[in-house]
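A.B. asks: Okay, handing you the structure first.
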Amino acid sequence: MKSFEKWETEEVERTFGIKFKREKESMKSWIAFQTTLSERENETIEELKLLLIDYVDFWNEQDLKVFFIIPIINIIRFSQFEKYRTFMEATFEANLKDVQNNDCALRGRVEMVVATGKQKPQTPFFFLNEYKAQAKSITDPKGQLLIAMLAAQSKNNGLNLPIYGMYNIGQIFFFVILEGNEYTTSKAFDATDQQDLERIVYMLKFVKNHIENFINQLK
């Protein structure tokens, strides 16, 4: 059984036959999503941006998560009681078929996942992987995110839902969509830049809308 943190992007592509697409309409729509932020949200974003500018070079992984990433996620409030919520440090297991139809057992812990469920994640929608700094990272955050997203596909029992993800290397954030056997990655967003940070929040709000629209269809 191979854990998520041991996978690299090219290995995921070759093993499971997923393909990178430079451009997809779903990513264009995600990036283009517009919404209105409240005065309080704008104030919080400004405070977090200044905090990140001051400390990003000094924070470790836990500092970055606690003082910046979780407060950003809390702006979105990925939660609806007994429907879905944010799970931190969740463990996933999956058995996938590789391109040669061999069984491949996977197990790993993800930094964060938004999924249906109250105690354990059931139907996953969105994943986050977080890293401190590119120069210090000897692993492949995108590869680890992709393998977790593939595991989520198998867990979603043929619902044919797009899986959304985000990973960051220090202050730089990237968004990923996995649809079937194709994935695409956004351009880099610098969270110390006001417009980029607002766009990060908009894109997270898009994911919340997607999740709640799906849940409302189940009623």
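A.B. asks: Looking only at residues in region 141-179 that are small (Gly, Ala, Ser) and out of contact with any helix residue (DSSP H, G or I) (no Cβ under 7 Å at 6 or more places or on another chain), which one is surrounded by the fewest Cβ atoms within 10 Å (Cβ to Cβ)?
C.D. replies: Checking each candidate, the answer is 158.
A.B. asks: Follow-up. So which helices (runs of 4 or more DSSP H) are wholly in region 30-148 and hold at least 3 residues that are over 18 Å from residue 166 (Cα atoms)?
C.D. replies: By residue number, 39-55.
A.B. asks: Return the pair list, or none, for Cβ contacts closer than 6 Å from residues in region 111-137 that are farther than 24 Å from residue 205 by Cβ to residues that are modelled with pLDDT of 70 or more and part of a strand (DSSP E or B), at least 6 apart or on different chains.
C.D. replies: 134/169
A.B. asks: Among residues belonging to region 10-46 that are at pLDDT 95 or above and of a type in the set (Asp, Glu), point out the one that is farthest from residue 146 (Cα to Cα).
C.D. replies: 39
A.B. asks: Any chance region 155-166 includes a residue that's modelled with pLDDT of 95 or more and of a type in the set (Lys, Arg)?
C.D. replies: Looking for residues that are modelled with pLDDT of 95 or more and of a type in the set (Lys, Arg), one finds none in region 155-166, hence no.
A.B. asks: Mind checking which residues of region 169-213 are over 17 Å from residue 45 (Cα atoms) and in a strand (DSSP E or B)?
C.D. replies: 169, 174, 175, 176, 177, 178, 179, 182, 183, 184, 185
A.B. asks: Scan region 34-52 for residues that are exposed (fewer than 11 other Cβ atoms within 10 Å of the Cβ) and either in contact (Cβ under 8 Å) with a residue 60 or more places away in the chain or touching a Cys at 6+ places or on another chain (Cβ under 9 Å) (or both) and report the count.
C.D. replies: Within region 34-52, residues that are exposed (fewer than 11 other Cβ atoms within 10 Å of the Cβ) and either in contact (Cβ under 8 Å) with a residue 60 or more places away in the chain or touching a Cys at 6+ places or on another chain (Cβ under 9 Å) (or both) number 1.
A.B. asks: I would also like to ask the following. Hey, among the residues in region 53-70 that are aliphatic (A, V, I, L, M) and farther than 16 Å from residue 128 by Cβ, which one's surrounded by the fewest Cβ atoms within 10 Å (Cβ to Cβ)?
C.D. replies: Applying the filter and picking the extreme gives 53.
A.B. asks: Would you confirm, using the coordinates I've provided, whether residue 185 is within 19 Å of residue 9 (Cβ to Cβ), surrounded by fewer than 21 Cβ atoms within 10 Å (Cβ to Cβ), of a type in the set (S, T, N, Q) and at pLDDT 95 or above?
C.D. replies: Yes, satisfied.
A.B. asks: Can you tell me which of (1) modelled with pLDDT under 95; (2) among the hydrophobic types (A, V, I, L, M, F, W, C); (3) exposed (fewer than 14 other Cβ atoms within 10 Å of the Cβ) is the one residue 7 doesn't meet?
C.D. replies: (3)
A.B. asks: Looking at region 65-106 only, could you name the residues that are in contact (Cβ under 8 Å) with a residue 12 or more places away in the chain and under 19 Å from residue 48 (Cα atoms)?
C.D. replies: Answer for region 65-106, where residues must be in contact (Cβ under 8 Å) with a residue 12 or more places away in the chain and under 19 Å from residue 48 (Cα atoms): 65, 67, 68, 69, 71, 72, 73, 75, 76, 77, 78.
A.B. asks: Provide a single number: the residues in region 188-206 that are without any contact (Cβ under 8 Å) to a residue 40 or more places away in the chain, closer than 16 Å to residue 35 by Cα and buried (at least 17 other Cβ atoms within 10 Å of the Cβ).
C.D. replies: 1
The values are calculated or read from the model by the stated rules, or taken from the named source; none is laboratory data. Worth saying up front: this structure is predicted, and the values here are computed from it rather than measured. Cβ sites come from the backbone with ideal geometry, for glycine too, and all protein chains shown count toward neighbours.
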